[in-house]
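The values are calculated or read from the model by the stated rules, or taken from the named source; none is laboratory data. This is a predicted model, so every value here is computed, not measured. FYI the Cβ positions are ideal-geometry reconstructions off the backbone, even for glycines, and counts take in every protein chain you see. The protein model used for the area step is the full one, side chains on, heavy atoms only, and it has no ligands, DNA or RNA in it. Shrake-Rupley method; radii C 1.70, N 1.55, O 1.52, S 1.80 Å.
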Number of protein chains: 2
Amino acid sequence: MCCHVIYVIRTAGRGRTGARGPSGDTSTTVFSRPKQKLGEKEIEEHSFSGMATAASWKPLLLRALDSNAHLKHSTFFQLATIGSNGRPSNRTVVFRGFQEDTNEIQINTDRRSAKIEEIKHCHFGEICWYFTESWEQFRINGKIDIIDGANSDACKLQHREKAWFASSLKSRLQYLAPAPRLPDISNGSGEENQLDPSEGPVEAFCLLLFDPEQVDYLNLKSNERFIFTSRSSEQGFKVWMSEKVNP
Amino acid sequence: MCCHVIYVIRTAGRGRTGARGPSGDTSTTVFSRPKQKLGEKEIEEHSFSGMATAASWKPLLLRALDSNAHLKHSTFFQLATIGSNGRPSNRTVVFRGFQEDTNEIQINTDRRSAKIEEIKHCHFGEICWYFTESWEQFRINGKIDIIDGANSDACKLQHREKAWFASSLKSRLQYLAPAPRLPDISNGSGEENQLDPSEGPVEAFCLLLFDPEQVDYLNLKSNERFIFTSRSSEQGFKVWMSEKVNP
């Protein structure tokens, strides 16, 4: 994984001064800085009166999470995938934070749910995350990596274990319930499952890592919209570009 | 369009008594009734203590709309389609009611938005509608019909005109704005558009009719889930079946 992120800002002549962009486009400016956890300071840095200088989508998303934090549902978003029948598929999932200091979005899910087969079939997804208080929408398109107990990467298995213990005991118990979407044959007699809090992830527990490649940000209060797109540079850096577009 | 809807309830032996289902399955009961506007009375009728007797998804949806009506965002849902690049696409849209007394969900959109080309390419979609107060989720899979000004069906054009006049003047003005997602070249000088309130739909205004074929209903408070599926009968009726499944 690279340790730097290069941000490229396309601002139609209104950008910061900086190194010329790879394309030589004079309306494109580039700067690089060490990858870091984007916290409050970063958010403030980008709480732009001139939105056109926005460096990336992550500070915007962290700011939205912060300003909507009093609403439980502010960590819920809709994840679209492509169903095995070729039709779109869409459901609400819970944001479980970023994967350490990367841009990857963590989602916990049940390995027995339909979305696992769907993602194996087509690993692209689009998150639609609407913040009901600040009227901001993030449409995040990217690739999804499935990390279940059979994963051969020890590092990824560690991430899965960490995600398991970061969940509440109540959340963990869901993975002991009967397989989702199969006929309910319980006749209302819900079994009481028991789980040792120190026990590691059960087989059904699965971590999804969503790696954003494009973000479409819309602010309905300021009536502004930005498209953030990424590409991998020859040096292995992930290069982000942003453009202000009509809402 | 048919004037009756047949509801088929699969209730694992706990259904109402009724005619035997087409499959001869004893766990399936069928009843038919004239298609009607489902209002408060209907909702009450289906405010089941025994959820297994739910006849269809529409009363559940109307009840959710009613109990979340004090929240402006309760009429917002996420519509997933398949992008021209074969990837999922997902955005927030506004519920504009049902098409008269049918099950078809109305959505207004801009003909110049990317979703129009996407729907022309693949006319399937999935709505994910999460109600933040009642903790209910409806995943509605179906087909989307595009009704723009060039539509050859006079009846559909009337629906489009009706949807236009049902929108606020502020909403209508959005369709006079520059094309969405094109580079913003306004330099912050937003033009003030004028619109005669009696003027009919402008070219960019488009009505989408979403015809549900399957509904996956999840209630996170009662921890219950129902799958409603439909098929067209030989007589041209739309037949709905429901099954209680594990959440």
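Among the residues making up the stretch B:150-164, those that are open to solvent by 70 Å² or more (accessible area, probe 1.4 Å), without any contact (Cβ under 8 Å) to a residue 24 or more places away in the chain and closer than 22 Å to residue B:195 by Cβ are B:150, B:158, B:162.
Would you check if residue B:139 is away from chain A (no Cβ under 12 Å), in contact (Cβ under 8 Å) with a residue 40 or more places away in the chain and buried (at least 18 other Cβ atoms within 10 Å of the Cβ)? Here the answer is no, as residue B:139 does not meet what is asked.
Out of curiosity, is residue A:234 out of contact with any Lys or Arg (no Cβ under 9 Å at 6 or more places or on another chain), within 14 Å of another protein chain (Cβ to nearest Cβ) and surrounded by fewer than 12 Cβ atoms within 10 Å (Cβ to Cβ)? It would help to see each step written out before you state the result.
Values: out of contact with any Lys or Arg (no Cβ under 9 Å at 6 or more places or on another chain): yes; within 14 Å of another protein chain (Cβ to nearest Cβ): no; surrounded by fewer than 12 Cβ atoms within 10 Å (Cβ to Cβ): yes.
Considered against the rule, which asks whether it is out of contact with any Lys or Arg (no Cβ under 9 Å at 6 or more places or on another chain), within 14 Å of another protein chain (Cβ to nearest Cβ) and surrounded by fewer than 12 Cβ atoms within 10 Å (Cβ to Cβ), residue A:234 comes out as no.
Among the residues making up the stretch B:56-95, those that are among the β-branched types (Val, Ile, Thr) and buried (at least 22 other Cβ atoms within 10 Å of the Cβ) are B:81, B:82. When B:138, B:98 are checked against the criterion of being over 20 Å from residue A:132 (Cα atoms) and among the aromatic types (Phe, Trp, Tyr), a single residue qualifies: B:98. In this structure, residue A:162 does not qualify as more than 20 Å from the chain's Cα centre (by Cα), of a type in the set (D, E, K, R) and not in a loop (DSSP other than H, G, I, E, B). Among the residues of the stretch B:182-201, none qualifies, meaning not one is touching a Pro at 6+ places or on another chain (Cβ under 9 Å) and within 18 Å of residue B:75 (Cα to Cα).
Here the stretch B:185-201 is the region considered, the condition is being of a type in the set (D, E, K, R) and either more than 12 Å from chain A (Cβ to nearest Cβ) or open to solvent by less than 30 Å² (accessible area, probe 1.4 Å) (or both), and the residue that is nearest to residue B:148 (Cα to Cα) is B:199. Taken over the stretch B:55-64, the criterion of being in contact (Cβ under 8 Å) with a residue 40 or more places away in the chain and out of contact with any Leu (no Cβ under 8 Å at 6 or more places or on another chain) is satisfied by B:55, B:56, B:57, B:60, B:61, B:64.
Residues checked against (1) aromatic (Phe, Trp, Tyr); (2) over 23 Å from residue A:87 (Cα atoms):
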site	(1), (2)
B:76	yes, no
B:84	no, no
B:89	no, no
B:113	no, no
B:117	no, no
B:137	no, no
B:158	no, yes
B:192	no, yes
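From the residues in the stretch A:202-228 that are away from chain B (no Cβ under 12 Å) and of a type in the set (Val, Ile, Thr), which one is surrounded by the most Cβ atoms within 10 Å (Cβ to Cβ)? Top of the filtered list is A:215. For the stretch A:88-99, does any single residue satisfy the condition of being more than 13 Å from chain B (Cβ to nearest Cβ), at pLDDT 50 or above, part of a strand (DSSP E or B) and in contact with a strand residue (DSSP E or B) (Cβ under 7 Å, 6 or more places away or on another chain)? The answer is yes; a qualifying residue exists. Assess whether residue A:27 counts as being modelled with pLDDT of 95 or more and within 14 Å of chain B (Cβ to nearest Cβ). Criteria not met by residue A:27.
When you check residue A:176 against the structure, is it open to solvent by less than 80 Å² (accessible area, probe 1.4 Å), away from every other protein chain (no Cβ under 13 Å) and more than 30 Å from residue B:94 (Cβ to Cβ), yes or no?
No: the conditions fail for residue A:176.
Given the condition more than 10 Å from every other protein chain (Cβ to nearest Cβ), farther than 22 Å from residue B:124 by Cα and in a strand (DSSP E or B), answer yes or no: does some residue in the stretch A:74-81 qualify? Let's see the steps before the verdict.
Step one: of the stretch A:74-81, the residues more than 10 Å from every other protein chain (Cβ to nearest Cβ) are A:75.
If we keep only those that are farther than 22 Å from residue B:124 by Cα too, we end up with A:75.
When the remaining residues are screened for being in a strand (DSSP E or B), the result is none.
No, that holds for no residue.
This table checks each residue for (1) hydroxyl-bearing (Ser, Thr, Tyr); (2) over 23 Å from the mean Cα position of the chain (by Cα).
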| position | (1), (2) |
| --- | --- |
| B:132 | yes, no |
| B:147 | no, no |
| B:157 | no, no |
| B:178 | no, yes |
| B:192 | no, yes |
